[in-house]
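Written below as structure tokens is the structure these notes are about.
The values are calculated or read from the model by the stated rules, or taken from the named source; none is laboratory data. Note that the structure is a prediction, hence the values are computed from the model and not measured. All Cβ positions, even for glycine, are placed from backbone atoms using ideal geometry, and neighbour counts span all protein chains on display. Remember, those area values only see protein heavy atoms, side chains included, never the ligands or the DNA or RNA. Shrake-Rupley method; radii C 1.70, N 1.55, O 1.52, S 1.80 Å.
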Amino acid sequence: TIDIDDGRKIVAQHHRAPHRTPTMPAYHSQFNGNADLRVVCSMPLIPLKTRFKGPAPQCAEGTDDIIDEALKFFKANCLFRNYEVKGDADRLIVYLTLYISACLVHLSRNQFDKASAEKEVYQLAIKNYKVPGDKDFVLGGMVTAPKNRGEQESAKDYLQQLRQETGKRLCAKIYEHNQNVPSKWWMCYSKKKFLNKVLN
């Protein structure tokens, strides 16, 4: 079974074949089809619950944002080698799932306490990273190139905002029960490779 943060459990079928994908359906974003959202490079600028600066509108109190979704569904979605994009918001789910994986891989290389881990993922969030329009952007086949410099900057700033806030919330989860030792039930997923891709 795979624990989902809201208390539900899903059952993954275990196969001996090394490259078989799970048989349960992948999770998709509730923000798909929201026509009120500004879209940049085929990615919607979904409101976020964050204090990090960026172009994201402020999310309403008491509601889940796209980062909540990505973290909630990560343990299930990261098992997939294929993922059907059913709307613009799913592109962000893909990106965030890959970014969470990148954070876990980074943190698995050393024994960090929570404070140190937060510093590590913050530096990871702001380091030079690929954006739509770059040759090696990991979602190159899923997004469109920016139409102009302003759109490119908006995409870059929004992705950085997502990366910063996701790293912060991820640390809160993996150090929820021990400030000095990360949860093995999160860190074990550092070995999984969603869509067989690595975020660059």
For residues that are over 17 Å from K114 (Cα atoms) and in contact with a Phe, Trp or Tyr (Cβ under 9 Å, 6 or more places away or on another chain), scanning just region 164-200, find the one that is modelled with the highest pLDDT. Y189
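Based on this model, can you work out whether A89 counts as open to solvent by less than 50 Å² (accessible area, probe 1.4 Å) and either without any contact (Cβ under 8 Å) to a residue 24 or more places away in the chain or hydrophobic (A, V, I, L, M, F, W, C) (or both)? Write out each step before concluding.
On the way: open to solvent by less than 50 Å² (accessible area, probe 1.4 Å): yes; either without any contact (Cβ under 8 Å) to a residue 24 or more places away in the chain or hydrophobic (A, V, I, L, M, F, W, C) (or both): yes.
So A89 passes the test.
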Go through A70, A76, A60 for me and flag whichever is in contact (Cβ under 8 Å) with a residue 60 or more places away in the chain and closer than 24 Å to S154 by Cα. A70
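Every residue, every condition in (1) more than 25 Å from K168 (Cβ to Cβ); (2) modelled with pLDDT under 95; (3) hydrophobic (A, V, I, L, M, F, W, C), yes or no:
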| site | (1), (2), (3) |
| --- | --- |
| R20 | yes, yes, no |
| T23 | yes, yes, no |
| L37 | no, no, yes |
| L45 | no, no, yes |
| A60 | no, yes, yes |
| D65 | no, no, no |
| A70 | no, no, yes |
| F74 | no, no, yes |
| C78 | no, yes, yes |
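Would a scan of region 76-84 turn up a residue that is part of a loop (DSSP other than H, G, I, E, B) and within 12 Å of the chain's Cα centre (by Cα)?
Yes, there is a match, as at least one residue in region 76-84 is part of a loop (DSSP other than H, G, I, E, B) and within 12 Å of the chain's Cα centre (by Cα).
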Looking at Q123, Q111, which is the one that is assigned to a helix (DSSP H, G or I), out of contact with any Ser or Thr (no Cβ under 9 Å at 6 or more places or on another chain) and open to solvent by 60 Å² or more (accessible area, probe 1.4 Å)? Q123
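Could you grab me the full set of residues in region 30-70 that are charged (D, E, K, R) and either part of a loop (DSSP other than H, G, I, E, B) or surrounded by fewer than 20 Cβ atoms within 10 Å (Cβ to Cβ) (or both)? Steps first, answer last, please.
Applying the first criterion (charged (D, E, K, R)) to region 30-70 yields 36, 38, 49, 51, 53, 61, 64-65, 68-69.
Of everything in region 30-70, those that are charged (D, E, K, R) and either part of a loop (DSSP other than H, G, I, E, B) or surrounded by fewer than 20 Cβ atoms within 10 Å (Cβ to Cβ) (or both) turn out to be D36, R38, K49, R51, K53, E61, D64, D65, D68.
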